[in-house]
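The values are calculated or read from the model by the stated rules, or taken from the named source; none is laboratory data. In this text, all values refer to a predicted model and were calculated from it rather than measured experimentally. Positions of Cβ are backbone-derived with ideal geometry, glycine not excepted, and every protein chain shown enters the neighbour counts. Side chains are part of the model used for accessible areas, which takes the heavy atoms of the whole protein and leaves out ligands, DNA and RNA. Shrake-Rupley method; radii C 1.70, N 1.55, O 1.52, S 1.80 Å.
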Amino acid sequence: MITLNINGLNVSVEEGTTVLEAARFIGFPIPTLCHMDGLSPYGACRVCLVEIGKEPRTKLVSSCTYPAEEGLVVRTASSRVVRTRRMVIELLLASCPQSKVIQDLASSHGVNKQRFKQEHDDCILCGLCVRMCSEQMMAKAIGFSGRGNERALGTPFNVKSEACRQCGGCIYVCPACQLRCSYTEKDSPVCGGCQNLPPPCLEKEKFDDMMCFMSPCVACEIAPK
Amino acid sequence: MARFGSIEELHGFREMLRDNPQGKRPRIVVCAGTACQASSSSDIIRIAKKHIIEENLFDRISIGITGCHGFCEMGPFVLTLPQNAFYAQVKLEDVPRIIGAVLAGAYVEDLLYRDPKTGEVYRSRDDIPFFKNQRRSILGLNQHVDPIRINDYVAAMGYQALELALGRKDPAWVVGQVKRSGLRGRGGAGFLTGAKWELLARANGSSGKYLVCNADEGDPGAYMDRSILEGNPHSIIEGMTIGAYGTGATEGVVYVRNEYPLAIKHLTIALRQARDMGLLGENILGTGFSFDVSVVRGAGAFVCGEETALMRSIEGRTGEPRQRPPFPIEKGINGRPTSINNVETWANVPFIFRQGADEFARVGTPGNSGTKIFSLVGKIRNTGLVEVPMGVTIRRIVYDIGGGPSGKARIKAVQTGGPSGGCIPAEKFDLAIDYDSLAKAGSIMGSGGMIVMDENTCMVDVARYYMNFLRKESCGKCFTCRKGTQRMYELLDDITKGRGRLEDLDLLKELAVAVKESTMCGLGQTAANPVLSTLKYFRHEYERHIVDKRCDALVCKELTGAACQRTCPLGTEAWRYVAHIRRGEYDQAYRVIREANPFPSVCARVCNHPCESRCKAGDGGNQPVAIRALKRFVVDRVDPSVYKASKAAKSTPPPPRVAIVGAGPAGLAAAHYLSLQGYPSTVFESEDRPGGMLWGGIPEYRLPRETLRKEIDAVVDGNVTLECKKRLGVDMTIGGLFAEGFKAVFLALGAHKSRRLGLEGEDVAGVHPSMQFLKAYNLRGESLAQGHVGVVGGGNSAVDAARLALRQKGVKSVTIFYRRTREEMPAFEEEIEEALHEGVRLEVLVAPTRILSKSGKLTGVELLKNELGPLDASGRRAPVPVAGSEHVVELDTLIVGIGEEPTVECVTGENGTSVGLVDGNRVKTDCRTMSTSMPGVFAGGDVETGPKTVVDAIAAGKKAAAIIGRYLRGEALEQPAVPALPRIYVEPMPSGDGDAMDLPRVVPATLKVEARRSCMAEVEGVVSETDAVREASRCLRCDLEFTQPKPAAVKESA
């Protein structure tokens, strides 16, 4: 068993557990887009960032891919984590505003503007569908092609795949195309239609390493200082 | 080839090779690296071989074909041994002469390397500054080794390190030595190689361990790894074999990018040779130790240089980084422990064993031992590979080895570490180069690319270039790396195209930090560095792009338009009138000139023509279009009446009046443009006639008085009242002007006070401040110079004074004394040339220390010699006095022209109505609105900026008129900047026969030197019509990119 410290609490987990699993195990919520139980960790969406290490040498890593280590100190909702996560969400909104999953993430993190050139992509290349297809459906019908800004998802050479059984697993897991947010308009990428009012939080500054168990607990980070 | 069965056999073989008398023959060495091959060194080799065969010289000379020596700027070159003479940029016909000289033990003096700056010729290669200041422990081997001949390498003590390592029979000792040497990974991150090896040695290797040589060198501008692999592949093989012995690795892989065909070829040959000789494979040198190396070619993805991506690529999968831990040292290729080191790291390993670890650690600085190879490229004189000890300063590399800037522009930054690195500004060139200090400065060592940038490099464009590279080369897996680099590119692209907003800079920084924090691999984590470091050190350039819509380097096309127009302070559309001249439409050309400039005939003679400085026709050593000569052609030919100014209609009630103090180019230009807006003005002038410096400062032989008078008269129209002999502070005050009913005041007093030397006796008869000397003649016709004349200073007023003195009666000689060198004289180059031409003598690197006089009259001056001291922050050598070098020069007249400054006492003299000053000698203004500390009072020209050029003063007056007009109308003084791009289409003439670019630049005829003495006739003449039209045809028409109508889509006929 490995013991690590998450938000000031010690937790013991089995070797091979990821930080995300350990945090969820004791009830700290961490948002993810490209992670799904049953599929291999991938680390593409960068939403699940956590801060690891001791001051002053801390760094941000994706909790879904980072293995739990003995004595590791993890903070899942430090101001650095939240600040960076909000920029990730802003980038997501700029690319894919029609996804309800992303709109909900934005409203729960108080991201209420998007300052980049608006795009309307259907895909954030999280790779859930690729892993679903190969790891659960054993089809390997789809995959990535290209790199950088030309990276794209599709069947080999973008022709109809013999290997695809049209099971729909890929659509089922997709965070971008399954649940559509129909309220966004071209000039206002932030929907806010299902906005949850953040829960109140008490005396956060006294417990910088900690977070409350209400999901999402970012209210104190969002509040203007 | 014999296969060595033991260490002793190899040792004996080497001794035999080294004793071979053939090796003692004279030798010529030619580089056949990729860079030299591009400059046709292969032909040099072919000719050399042919000559040797034809002359039957086999027994007397040998020829060495080697890899890169580093001095790629000078390729193709020939090095001769034993003289060690370096013949640079050799031509085919030179080869026989060089061979002849080698055989005779002589030199071909005219072909030897000559320093392009100092002209010094070097006989020994090791004295050339480029080589002298290096420490070439790795690269130095290249010149001895033909990469495809293993015997060369063995004879150059190759595989001796392997003997030592295997001979000890103690792998732990091998790792210990590397650890002791303090070698840090040369790939960029600087992890201790010894520590890495120790981890690998300890790792569980039951199913095998890997050693990898990372030769996926993808940074733009970096090529040292290629040069090592091409020039000395055996050093890599030897290094890896030693590493394998120390760590227990069983397999080696060289991952080399497929873009390096020569490196792959040489490496493959070397591997085969090493295997054949028993230096690789099973039972190496009979010691029972086995290790082999294979080559994997990279398919061109930059990200595959990242170690986890590289391993996946070797495994045959998509090159995508993965999360560390687990580190490759635990779980690498195919799940086995793997140690990945850079090419240069491996090349250092044999060197450590040959030299001894302690000896190796002695070079460099503590914690950063050994040497590092940098590829020095960009705007630098000596492009090439440079190997220096760690801890050397950037200044030393750039100036001592690199030879400073390649052109006239000042070096402003160095970019290190490729796309992941950052820019280091010139102020920080004293930074010692090692892993830690570079990281502290916001850059990284990276693999050692060093791109030198000068003032003609736009830092925003540099950041944009790298971001474009990275957005294409990111693997695309991490969302923030893929989208973050794309978004940063979009923001930067907007800024370079003039669409940026100031808040974009905050967003850019916020995004850059987020990308740095949130990505998985090294590529993403460092991708923001180009943005962050340029934002940190060159934020003013970003702001200039965004606020002023200007790219001072003239790189960003959408902000520059045509360089001639952009560099003209008045924004004159030089391209447009040149195009009209080409078409023979001289009246139109005049209108274009006159519209932008109320003093066209003045500027056609005395302008310092900044338009020509960046003319595209002048790129690459060609001559820019003679724009000023063309302007002169037009203004001398066309009657000014063809231009009809469009004036504002007379308004009722009468418009407010403006007071302008100073009737120089700034004041008169302001009056003119205010008049066009309908505002009457009164111009006050302290001298007896208008013109300011145009009359008082510029001598008649440059600017004929009749021309000047006509142009001034044309400007003083019905709206302009002129009041001469009115001095501010004496005849009027600023407050008084407002009381008289003026609604605004424009101060354009100029800079008429000569600086003093600060020496005793400066007031004796015969010593004249240069302005006083010039005005005495120009305004009053008094000749103050006589006998032997000395002029102190190197600026325009000094040179003008010298040339004017030469024309005065009773002058025997004129000498200019200047404290720096001629290159650094601030006067216009063409003026200096003419002065020397006319017989003015120039004595540089001297400074006056004492003025000698006898009964109140000057007799001479004592001068102290200067020598050039160390480089200062601007990259110039400061003059340092040489003690005891005083000497006396006898003089009858001494003119002091060491600079002018404005007279500002008059604007500060009264209580409560003074305007604020800068440095006590200039009027303080807001640079965008020209307003002073007093409302309604504006200032421009030399009184605002200090001494500048005529065209700058006219531009200041023009700008002031626009601002004062807005002030009088109650509008906002500042207006959003709009880039001045060419708008009007002038149809180009069909190009005639022959390439216009081959034509030489036209040079106007000048007055014969003999005729110039004691004569004020104009020196420069006008070009003929044929010449003018021909010169105009040399224009490359940069404007067409913006003005040419899009060709209508051709419809296909049905």
Taking region B:499-530 and keeping only residues that are at pLDDT below 95 and touching a Phe, Trp or Tyr at 6+ places or on another chain (Cβ under 8 Å), one is left with B:GLY500, B:LEU523, B:PRO530
Restricting attention to region B:618-666, report how many residues are at pLDDT below 90 and either among the acidic types (Asp, Glu) or open to solvent by less than 20 Å² (accessible area, probe 1.4 Å) (or both). 1
Unique residue being out of contact with any Leu (no Cβ under 7 Å at 6 or more places or on another chain), on the phi < 0 side of the Ramachandran plot and β-branched (Val, Ile, Thr) when the list is B:THR815, B:THR849, B:THR821: B:THR815
Regarding B:SER420, is this residue touching a strand residue (DSSP E or B) at 6+ places or on another chain (Cβ under 6 Å) and polar (S, T, N, Q)? no
With criteria (1) at the interface with chain A (Cβ under 7 Å from one of its Cβ atoms); (2) out of contact with any Pro (no Cβ under 8 Å at 6 or more places or on another chain); (3) touching a residue at least 40 places away in the same chain (Cβ under 8 Å); (4) not in a helix (DSSP H, G or I), B:GLY500 comes up short on (1)
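Name the residue that is nearest to B:SER474 (Cα to Cα), counting only residues in region B:503-512 that are open to solvent by less than 40 Å² (accessible area, probe 1.4 Å) and more than 8 Å from chain A (Cβ to nearest Cβ).
Here the answer is B:ALA512.
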Quick one: which residue in B:ALA413, B:ALA463 is hydrophobic (A, V, I, L, M, F, W, C), within 25 Å of A:ARG46 (Cα to Cα), more than 14 Å from chain A (Cβ to nearest Cβ) and surrounded by 24 or more Cβ atoms within 10 Å (Cβ to Cβ)? B:ALA463
How many residues does region B:379-410 hold that are surrounded by fewer than 21 Cβ atoms within 10 Å (Cβ to Cβ) and aliphatic (A, V, I, L, M)? 1
Would you point out the residue of region A:139-157, among those that are within 14 Å of chain B (Cβ to nearest Cβ) and assigned to a helix (DSSP H, G or I), that is most open to solvent (accessible area, probe 1.4 Å)? A:GLU150
Within the set of pairs 6+ apart or on separate chains, which have a first residue in region B:34-59 that is closer than 24 Å to B:GLY231 by Cα, a second that is at pLDDT 90 or above and open to solvent by 80 Å² or more (accessible area, probe 1.4 Å), and C-beta atoms under 8 Å apart? B:SER39/B:GLN89
Scope region B:625-677; condition over 24 Å from B:MET732 (Cβ atoms), touching a residue at least 12 places away in the same chain (Cβ under 8 Å), in a helix (DSSP H, G or I) and of a type outside the set (A, V, I, L, M); matching residues: B:ARG628, B:LYS631, B:ARG632, B:PHE633, B:ASP636, B:ARG637, B:PRO640
Answer residue from region A:158-172, given it is within 12 Å of A:ILE142 (Cβ to Cβ) and assigned to a helix (DSSP H, G or I) and is least open to solvent (accessible area, probe 1.4 Å) among those: A:GLY169
Output the residue which, of all residues in region B:5-42 that are aliphatic (A, V, I, L, M) and in a helix (DSSP H, G or I), is most open to solvent (accessible area, probe 1.4 Å). B:MET16
Among the residues of region B:513-522, the number that are in contact with a helix residue (DSSP H, G or I) (Cβ under 6 Å, 6 or more places away or on another chain) and either buried (at least 24 other Cβ atoms within 10 Å of the Cβ) or within 9 Å of chain A (Cβ to nearest Cβ) (or both) is 5
Checking B:ASP552 against (1) touching a helix residue (DSSP H, G or I) at 6+ places or on another chain (Cβ under 7 Å); (2) open to solvent by 10 Å² or more (accessible area, probe 1.4 Å); (3) within 28 Å of B:GLU427 (Cα to Cα); (4) within 14 Å of chain A (Cβ to nearest Cβ), which single condition isn't satisfied? (4)
With respect to B:VAL295, determine if the residue is of a type in the set (A, V, I, L, M, F, W, C), surrounded by fewer than 18 Cβ atoms within 10 Å (Cβ to Cβ) and away from chain A (no Cβ under 14 Å). yes
Which one of the conditions (1) surrounded by fewer than 23 Cβ atoms within 10 Å (Cβ to Cβ); (2) away from chain B (no Cβ under 14 Å) does A:SER134 fail to meet, given that it meets all the rest? (2)
Specify which of the listed residues (B:PHE360, B:PHE327, B:PHE351) is open to solvent by 10 Å² or more (accessible area, probe 1.4 Å) and in a helix (DSSP H, G or I). B:PHE351
Could you say whether any residue in region A:167-183 is on the phi < 0 side of the Ramachandran plot, modelled with pLDDT of 65 or more and among the basic types (Lys, Arg)? yes
Tell me, which strands (runs of 3 or more DSSP E) lie completely within region B:875-992 with 2 or more residues that are over 20 Å from B:ALA669 (Cα atoms)? B:877-881, B:887-890, B:893-896
Residues (within 8 Å of another protein chain (Cβ to nearest Cβ) and either over 17 Å from B:PHE479 (Cα atoms) or in contact with a Lys or Arg (Cβ under 6 Å, 6 or more places away or on another chain) (or both)) located in region A:20-46: A:ALA44
Starting from residues that are open to solvent by less than 10 Å² (accessible area, probe 1.4 Å) and outside any loop (DSSP other than H, G, I, E, B), keep the ones in region B:685-704 and report whichever is nearest to B:LYS948 (Cα to Cα). B:LEU694
Exception for B:TYR465 within (1) touching a residue at least 24 places away in the same chain (Cβ under 8 Å); (2) within 22 Å of B:ILE380 (Cα to Cα) falls at (1)
Number of positions in region A:49-84 that are in a helix (DSSP H, G or I), within 9 Å of another protein chain (Cβ to nearest Cβ) and open to solvent by 10 Å² or more (accessible area, probe 1.4 Å): 2
Among (1) open to solvent by 30 Å² or more (accessible area, probe 1.4 Å); (2) in contact with a strand residue (DSSP E or B) (Cβ under 9 Å, 6 or more places away or on another chain); (3) free of Cβ contacts under 8 Å to residues at least 24 places away in the same chain, there is one condition B:GLY916 misses while meeting the rest; what is its number? (1)
Whichever residue in region B:307-324 is closer than 22 Å to A:PRO67 by Cβ and in contact with a Ser or Thr (Cβ under 6 Å, 6 or more places away or on another chain) and, among such residues, is farthest from the other protein chains (Cβ to nearest Cβ): B:PRO321
Within region B:888-900, can one find any residue that is in contact with a helix residue (DSSP H, G or I) (Cβ under 6 Å, 6 or more places away or on another chain), more than 18 Å from B:LEU757 (Cα to Cα) and small (Gly, Ala, Ser)? no
